[in-house]
1. So if we plug the beta-carbon distance of residue 246 and residue 283 into 1/(1 + (r/R0)^6) with R0 = 30 Å, what FRET efficiency do we get, rounded to 0.05?
2. 7 Å from Cα along Cα→Cβ at both residue 60 and residue 17: what's the point-to-point distance in nm?
3. Hey, what number do you get for the chain at 222 nm if only DSSP H runs of n ≥ 4 count, each worth -39500 (n - 2.57), divided across all residues, to the nearest 500?
4. Considering the chain as a Gaussian network with a 10 Å cut-off on Cα pairs, which listed residue, 315, 153, 88, attains the greatest mean-square fluctuation?
5. Out of all DSSP beta bridges in region 179-375, what portion is antiparallel? Express it as a percent rounded to 5.
6. In square angstrom, what is the accessible area per residue of the chain with a 1.4 angstrom probe?
7. Could you tell me the distance between the Cα centroids of region 319-347 and region 134-186, to the nearest Å?
8. What's the local net charge at residue 61, with K and R +1, D and E -1, over the other residues with C-beta under 10 Å away?
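The values are calculated or read from the model by the stated rules, or taken from the named source; none is laboratory data. Computed from a predicted model, the values in this text were never measured in an experiment. Reconstructed Cβ throughout: ideal geometry from the backbone, glycine too, with neighbour counts over all protein chains shown. Heads up: the accessible areas ignore ligands, DNA and RNA and are worked out on the full protein's heavy atoms, side chains in. Shrake-Rupley method; radii C 1.70, N 1.55, O 1.52, S 1.80 Å.
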Amino acid sequence: MNTVTTPMPKLYEKAADFMPINGTDYLELYVSNSKQAAHYYKSAFGFRSLAYAGLETGRKDTESYVVAQDKIRLILTSPLRSGTEVGRHIDQHGDGVKVTALWVDDATYAYNEAVKRGGKSYMEPKVEEDADGRVVRSGIYTYGETVHIFVERKDYAGIFLPGFRKWETPHFNPEPIGLKFVDHMVGNVQLGRMNHWVDFYEEVMGFTQILSFDDKDISTEFTALMSKVMSNGNGRIKFPINEPAAGLKKSQVDEYLDFYEGEGVQHIAVATDNVIDTVIALRSRGVEFLQVPTTYYDVLEERVGKIDEDIDSLRSLGILVDRDDEGYLLQIFTKPVQARPTMFFEIIQRKGATSFGKGNFKALFEAIEREQELRGTL
Ligand code: FE2
């Protein structure tokens, strides 16, 4: 009889399957000036115009521009007058991520399962229709005022969502720069609340914890943080959750919580197939990155072994490398992308590695501390 050897299951395959998620559908950012923010994401990050909703489409209070690059879609929403919920949110938190929308086959089922398991309702299942079909959306709260919206779009053939019209900008649509999809999205939560949100993702959404970092993994001379990584069953949705840890000085998570005035999304990691080309394009368009000391590269090959990329190119661009059992990854972090020192982006290229760059934490957090020092918030 033949024996069949099955490969070791990935950790995330333990996740419960009551909440099947196909991927990230969109991210909605509440921003002070959606028109200018859309231009920034186009000109600096290589997004293209996709859709628009505002006064011309029948909205009264808010305006939204949608930009897209490969599988990534950002909605940028601003208030059109005072006294709106969006305006209140911006007044408290500054620009930031309000919605992480998850693409599901059945938004009513996802909502019912989540609420049954203790999720707090944000939006009951709602059917939206136009000439291109119908979409069902529902939503629950996660940390802070951040929400997850479930999007069911199997009966929809339009460009984005009902209520939006195509946004055409024939005179300016940059060439994409290689950003492909959302790899992971990190939340910062209050001291002592990480395990609460780990439980939330396990119990309410059927996620499983795939990694954990304590304050010994993530600490410098001055500051520390702790982190656990939650993943859904197919590994397409990964949400690390950070909380501050006691240190001699104020950690980056504390600084975030102060300036965001609460818990929220710290960074969005977007995947590319060619981090060198992508970062060259981003830098040439004015995107600012954290810089580690060039000595980082002197011992790089010793630490991670042979890699395909030229170390001098990585050094000149400031790209970091880390290796795990399965391969290696290349990553780089932008400075915050709005007035407050809160949300930023990570650009990541995975070459087998499924982890998050633990070997870079120390160099990276020292780089963040140098920025905090300049802001007087360390
Ligand atoms: Fe990350």
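1. Details: r = 36 Å, r/R0 = 1.20.
With R0 = 30 Å, the Cβ-Cβ based efficiency is 0.25.
2. In this crude label model, residue 60 to residue 17 measures out at 4.6 nm.
3. Values: 10 runs with 91 residues, N = 378.
Calculated at 222 nm, the ellipticity per residue is -7000 deg cm²/dmol.
4. 88
5. Numbers: 33 of 41 bridges.
Rounded to the nearest five, the antiparallel share is 80 percent.
6. Details: 16720 Å² over 378 residues.
Per residue, the chain has an accessible area of 44 Å².
7. Each part's Cα centre sits 22 Å from the other's.
8. Details: positive: 59, 60, 81; negative: 63, 85.
For residues surrounding residue 61, the net value is +1.
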